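A short write-up of the structure that comes next.
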């Protein structure tokens with residue numbers, strides 16, 4: 001029998017930050033995440049490199065952890081200039097449209113520019129940037145079980161068509177035709 005590994009969820013995802021304290025303050029005050037723990041070393045455990053860092057962990061809800069590294073001895077952080085800013089982002093789920101709109105108002109009251117809500121057919125989202133320049137998305141699910149089942153069913157055919165043509169397949173065009181905004 002061949003062993004096929006199976007993951008048991010995401011332990012944490014890690015990104016770089018400019019300032020660990022500022023990052024913790026943003027995520028706790030603006031998004032209500034709990035500050036779980038911090039790890040700091042002067043040497044990287046996996047490589048042995050002498051590179052001091054602060055590694056912070058935030059409770060993103062649902063047993064999901066968002067982590068950041070502040071690495072002051074590395075060159076100033078940048079981003080992949082060949083990838084549009086809208087592509088790379090971290091998306092968090094919120095429980096309802098009311099929660100989405102309340103969070104939008106809270107962010108805007110805190111001086112944060114927010115785009116949306118944008119209707120994606122099965123969820124609505126708002127978008128904004130954290131102090132490190134990471135694009136964030138908050139999404140409220142609005143799709144029905146029937147819609148989700150249909151999307152799941154057509155996913156393999158869509159991927160195959162995309163792989164051949166590099167043009168958007170129309171299998172789920174109904175998704176954006178249903179939007180009300």
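The values are calculated or read from the model by the stated rules, or taken from the named source; none is laboratory data. Predicted model only: the values in this text are computed from it and were never measured. We place every Cβ from the backbone using ideal geometry, glycine too, and count neighbours over all the protein chains shown.
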Problem set entry | Cβ pairs under 9 Å, 6+ apart, first in the stretch 32-48 and modelled with pLDDT of 90 or more, second loosely packed, with under 12 Cβ neighbours inside 10 Å | 42/50; 43/49; 43/50; 44/50
For this session: Tell me, please, whether a residue that is assigned to a loop (DSSP other than H, G, I, E, B) and over 29 Å from residue 108 (Cα atoms) can be found in the stretch 10-19.
Result: yes
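Run down 68, 92 and say which single residue is in contact with a helix residue (DSSP H, G or I) (Cβ under 6 Å, 6 or more places away or on another chain), part of a strand (DSSP E or B), touching a residue at least 40 places away in the same chain (Cβ under 8 Å) and surrounded by 11 or more Cβ atoms within 10 Å (Cβ to Cβ).
Working: 92 fails: in contact with a helix residue (DSSP H, G or I) (Cβ under 6 Å, 6 or more places away or on another chain).
Among 68, 92, only 68 is in contact with a helix residue (DSSP H, G or I) (Cβ under 6 Å, 6 or more places away or on another chain), part of a strand (DSSP E or B), touching a residue at least 40 places away in the same chain (Cβ under 8 Å) and surrounded by 11 or more Cβ atoms within 10 Å (Cβ to Cβ).
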Exercise. Can you pull out the residues in the stretch 128-173 that are touching a residue at least 24 places away in the same chain (Cβ under 8 Å) and not in a loop (DSSP other than H, G, I, E, B)?
Worked result: 135, 136, 137, 138, 139, 140, 141, 147, 148, 151
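Among the residues of the stretch 20-59, how many are over 19 Å from residue 109 (Cα atoms) and under 19 Å from the mean Cα position of the chain (by Cα)? It would help to see each step written out before you state the result.
Of the stretch 20-59, the ones over 19 Å from residue 109 (Cα atoms) are 20-21, 34-59.
Remaining after also requiring under 19 Å from the mean Cα position of the chain (by Cα): 20, 34-36, 55-59.
Matching residues across the stretch 20-59 total 9.
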